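Have a look at the structure below before the remarks.
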Amino acid sequence: MAAGFKTAEPLEYHRSFLKENCRPDGRELGEFRTTTLNIGSISTADGSALVKIGNTTVMCGIKGELTSPAVDAPNKGYIVPNVDLPPLCSSRFRPGPPGEQAQAASQFIADVIESSAVVQKEDLCIVKGKLCWVLYCDIMCLDYDGNLLDACLIALLAALKNARLPEVTVNKETEVPEVTLENRRGLNIHKHPVGASFIVFDDSIMIVDPTAEEESLSTATITVVTDEEERLCALHKPGGTSLSGEKLQDCISRATTRHREVRKLIDKVTQSDKTPK
């Protein structure tokens, strides 16, 4: 009976739970799903991480390549994120070139990298005007069940912390770069941006960490990104219902709490990875 009601009237089905201040999956309105993290899963990548938020599963692999810096930024390297939403993660996505949601997610990640200065691009420069690193950050969703952006950011941050780039020197006589694969060093992570996503239901009820179904029924979505200094790095709200200043402030304070939880998880997994087996 309940399954039939859910299929025929999904909006009313969710409202019946929201009246009791809970959700169909048993969570409270302000409760995040269980978040798990693995790092170093892809042996062929320079850094990698696998994140699960509930059923939503995202993998990030980082590959470093040598290139020439841009003429207008001779002392900076590049960070190039790309979010892939293949048909295997959900029936809503089609094969072919990136869809609108994947492009928007890639741009959002690029904006957060820029605004938060998670990695200083100057650190990626090897020889000013001649040689630098470009970090390709490939983020793939393996199972889509809502809250993609939060999962992408955790995967990216954990993969960057896991990344080890080989030592590069330039031969003074030939000016040819020489790569020492045995000597690898980690990236200098300056900031730790973490996202918290919310949806607005019926123009008034605020829900955190939405599932795909909850997202499809929402009247607005918002993602707030903060760093360890409780600084606001990014705020992403693609249209929908307007939010009062009070609700926005509530989102930001919840995002800072979420930041502490995620940072603790990333630090714990990173430390256990460094512990000799």
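The values are calculated or read from the model by the stated rules, or taken from the named source; none is laboratory data. Note that the coordinates shown come from a computational prediction; the quantities given were computed from them, not determined experimentally. Heads up, the Cβs are rebuilt from the backbone with ideal geometry, glycines too, and the neighbour counts pull from every protein chain shown. Side chains included, ligands, DNA and RNA excluded: accessible areas come from the protein's heavy atoms. Shrake-Rupley method; radii C 1.70, N 1.55, O 1.52, S 1.80 Å.
Is at least one residue of segment 226-239 touching a Cys at 6+ places or on another chain (Cβ under 9 Å), surrounded by 13 or more Cβ atoms within 10 Å (Cβ to Cβ) and without any contact (Cβ under 8 Å) to a residue 24 or more places away in the chain?
Looking only at segment 226-239, we keep the residues that are touching a Cys at 6+ places or on another chain (Cβ under 9 Å), and these are 226-227, 235.
Narrowing the set further to residues that are surrounded by 13 or more Cβ atoms within 10 Å (Cβ to Cβ) leaves 226-227, 235.
Among the residues that remain, those that are also without any contact (Cβ under 8 Å) to a residue 24 or more places away in the chain are: 235.
Within segment 226-239, one or more residues are touching a Cys at 6+ places or on another chain (Cβ under 9 Å), surrounded by 13 or more Cβ atoms within 10 Å (Cβ to Cβ) and without any contact (Cβ under 8 Å) to a residue 24 or more places away in the chain.
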Point to revise | Candidate set: segment 114-142, residues that are closer than 23 Å to Leu66 by Cβ and under 14 Å from the mean Cα position of the chain (by Cα); chosen: the one most open to solvent (accessible area, probe 1.4 Å) | key: Glu114
Practice item. Working carefully through the options Lys247, Lys268, Lys191, find the one that is under 16 Å from the mean Cα position of the chain (by Cα) and of a type in the set (Lys, Arg). Key: Lys191
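In segment 240-257, how many are open to solvent by 80 Å² or more (accessible area, probe 1.4 Å) and either at pLDDT 90 or above or acidic (Asp, Glu) (or both)? Lay out the reasoning, then the answer.
Restricting attention to segment 240-257, the residues satisfying the condition of being open to solvent by 80 Å² or more (accessible area, probe 1.4 Å) are 242, 246, 249.
Filter once more, keeping what is either at pLDDT 90 or above or acidic (Asp, Glu) (or both): 246, 249.
Summing the residues that are open to solvent by 80 Å² or more (accessible area, probe 1.4 Å) and either at pLDDT 90 or above or acidic (Asp, Glu) (or both) in segment 240-257 gives 2.
Filter segment 258-277 for residues that are open to solvent by 50 Å² or more (accessible area, probe 1.4 Å) and in contact (Cβ under 8 Å) with a residue 12 or more places away in the chain; which is farthest from Ala158 (Cα to Cα)? Break it down stepwise before answering.
In the first step, residues of segment 258-277 are kept if they are open to solvent by 50 Å² or more (accessible area, probe 1.4 Å); the result is 260-261, 263-264, 267-268, 271-277.
Next cut, in contact (Cβ under 8 Å) with a residue 12 or more places away in the chain only: 261, 263, 273.
Values: Glu261: 14, Arg263: 10, Asp273: 12 Å.
So, considering only residues that are open to solvent by 50 Å² or more (accessible area, probe 1.4 Å) and in contact (Cβ under 8 Å) with a residue 12 or more places away in the chain, the one farthest from Ala158 (Cα to Cα) is Glu261.
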Exercise for review: Would you mind stating whether Glu173 is part of a strand (DSSP E or B), among the charged types (D, E, K, R), more than 24 Å from the chain's Cα centre (by Cα) and at pLDDT below 95?
Suggested key: no
Review point. (1) closer than 30 Å to Glu182 by Cα; (2) at pLDDT 95 or above; (3) open to solvent by 60 Å² or more (accessible area, probe 1.4 Å): which one isn't true of Lys52, the others all being true?
Key: (1)
**Study point:** Hey, Pro95 in a loop (DSSP other than H, G, I, E, B) and open to solvent by 60 Å² or more (accessible area, probe 1.4 Å) or not
**Key:** yes
**Study point:** Lone unmet requirement of (1) within 22 Å of Arg33 (Cβ to Cβ); (2) touching a residue at least 24 places away in the same chain (Cβ under 8 Å); (3) of a type in the set (A, V, I, L, M) for Ala220
**Key:** (2)
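For the structure I just gave you, tell me whether Val200 is more than 19 Å from the chain's Cα centre (by Cα), surrounded by 18 or more Cβ atoms within 10 Å (Cβ to Cβ) and aliphatic (A, V, I, L, M).
On the way: more than 19 Å from the chain's Cα centre (by Cα): yes; surrounded by 18 or more Cβ atoms within 10 Å (Cβ to Cβ): yes; aliphatic (A, V, I, L, M): yes.
Yes; evaluated as a whole, the condition is true for this residue.
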Study note, to complete from the structure: Over segment 12-41, the set of residues β-branched (Val, Ile, Thr) and open to solvent by 50 Å² or more (accessible area, probe 1.4 Å) is Thr34, Thr36
Exercise for review: All but one of (1) open to solvent by less than 60 Å² (accessible area, probe 1.4 Å); (2) touching a residue at least 40 places away in the same chain (Cβ under 8 Å); (3) over 26 Å from the mean Cα position of the chain (by Cα) hold for Ser68, so report the exception by its number.
Suggested key: (1)
Check your understanding: Which one of the conditions (1) within 16 Å of Pro193 (Cβ to Cβ); (2) in contact with an Asp or Glu (Cβ under 8 Å, 6 or more places away or on another chain); (3) open to solvent by 10 Å² or more (accessible area, probe 1.4 Å) does Asp111 fail to meet, given that it meets all the rest?
Key -> (2)
